[in-house]
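The structure appears right after this line, and notes come after that.
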Amino acid sequence: MLKEERFAKILEILSKDGRVQFDTMAMALEVSEDTIRRDIEALHNNGLLSKVRGGAIPVTKNPLSFVDRASYVTGKKEVIALKAQQFIEDGQTIFMDGGTTNCSIAAKLPIKSKLTIVTNNTALIPVLENHKNIKLILLGGLYNAQTQTTEGAKACDEISTYVADSYFLGTCGIDSTFGVTASFAGDADVKTAMHKFSKKTFALAVEEKLNTSETFRICPMEEVAVLITELASTDLKLNSYRKSGLKII
């Protein structure tokens, strides 16, 4: 049986029974449990099911799925901000670039969070002023009043002195072929540097940014660890991104 056929069968049984288990699926498809584990891992990373101990459950039953829990939130960026919280842990160093989505993420951080946030986004200062355990490092450089960010050679040089655990990348355009792109050179330089000096990049994209591209390329999709949108992870609009090997939330 081809891998794609196994995927289809796993999803079919999951839809019907509400749960699949490694051992029973292995027997049903006449393959090893290790093969089923790898299949479920691939489907989990593509947002098509949720991996749990011993098997998998549908995404909508996953207590870590924020789409259903945040159904009352009308703002798309608010949904993205809630989804992003599961990837933030005390003790981390985080890059955040400009834009309102990162402001939304910061606004939802617990008041006792213990983090180091390195940013060029001056709008984060009032958002985090009451978070006494967050060390906020504002990058130098040329101030862009229109975007409320710093940019230029100095900002990029300072980024290179850090190694971040995570980078929350606010996208201007994102496309399965052309990757993540930016509209302006100064912004692109900062984003590229943050991506280069972070261990894991999380691309933040509202639906309108999907399947669009701008002038300046940041990175290919294969270098993005997680794509976070306001859509359900099973949404057909996200299908073109599943081949990139990233996780879709």
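The values are calculated or read from the model by the stated rules, or taken from the named source; none is laboratory data. This one's a predicted model, so the numbers in the text were calculated from it and none came from an experiment. No Cβ is skipped: glycine too gets one built from the backbone with ideal geometry, and neighbour counts run over all protein chains shown. To get the accessible areas, we keep the full protein, side chains included, count just its heavy atoms, and leave off ligands, DNA and RNA. Shrake-Rupley method; radii C 1.70, N 1.55, O 1.52, S 1.80 Å.
Label sites at Ala153 and Lys51, each approximated as a point 7 angstrom past Cα along Cα to Cβ, lie 4.5 nm apart. Distance between the modelled labels on Met1 and Lys135, one decimal in nanometres: 5.2 nm (7 Å Cα→Cβ projection).
Multiply the residue gap between Glu222 and Ser240 by 0.36 nm, knock off their C-alpha separation, and tell me the result in nm, one decimal place. Mind showing how you got there, number by number?
Numbers: separation 18, 0.36 × 18 = 6.48 nm, distance 1.24 nm.
Going from the current span to full extension adds 5.2 nm.
The calculated 222 nm mean residue ellipticity attributable to helices in the chain amounts to -9000 deg cm²/dmol, summing -39500 (n - 2.57) over DSSP H runs of n ≥ 4 and dividing by all residues. Of the solvent-accessible surface of region 13-63, computed with a 1.4 Å probe and all protein chains present, 48% belongs to carbon and sulfur.
Between the C-alpha center of region 125-161 and that of region 222-249 there is a gap of 29 Å. In terms of the mean number of neighbouring beta-carbon atoms within 10 Å, the peptides 208-220, 162-174, 126-138, 40-52 order highest first as 162-174, 40-52, 208-220, 126-138. In sequence order, region 173-181 has phi-based couplings of x, 8, 9, 5, 8, 8, x, 8, 9 Hz under the Karplus curve 6.51 cos²θ - 1.76 cosθ + 1.60, θ = phi - 60°, and Gly or Pro positions carry x. Gain on full extension, evaluated as 0.36 nm per residue between Gln92 and Lys196 minus their Cα-Cα distance, stands at 35.7 nm. Within a straight-line Cα-Cα reach of under 13 Å, Lys196 can be paired with the following aspartates and glutamates, leaving aside sequence neighbours fewer than 8 residues apart in one chain: Asp157, Glu158, Asp165, Glu223. A simple packing score, the average count of other Cβ atoms within 10 Å per residue, orders the peptides 75-82, 231-238 as 75-82, 231-238, with the highest score first. Which entries of Lys9/Lys108; Lys76/Lys247; Lys112/Lys209; Lys3/Lys108; Lys16/Lys200 show an alpha-carbon separation above 29 angstrom in the structure shown? The pairs that break the limit, which is 29 Å between Cα atoms, are Lys9/Lys108; Lys112/Lys209; Lys3/Lys108; Lys16/Lys200.
I'd like the FRET efficiency for Met27 and Glu207, computed as 1/(1 + (r/R0)^6) with the beta carbon distance as r and R0 of 45 Å, rounded to 0.05. Don't skip to the end; give the middle numbers.
Values: r = 40 Å, r/R0 = 0.90.
About 0.65, to the nearest 0.05.
Rounded to the nearest 5, what % of the DSSP beta bridges within the chain are antiparallel ones?
The answer is about 40 percent antiparallel.
Treating r as the C-beta distance of Ala8 and Arg37 and R0 as 22 Å, the FRET efficiency rounds to 0.80. Available extension along the chain between Thr161 and Phe184 is 5.9 nm, counting 0.36 nm per residue and deducting the alpha carbon span. Take every Cα pair under 8 Å whose residues are at least 6 apart in sequence, average their separation, divide by the length of the chain, and the relative contact order is 16 percent.
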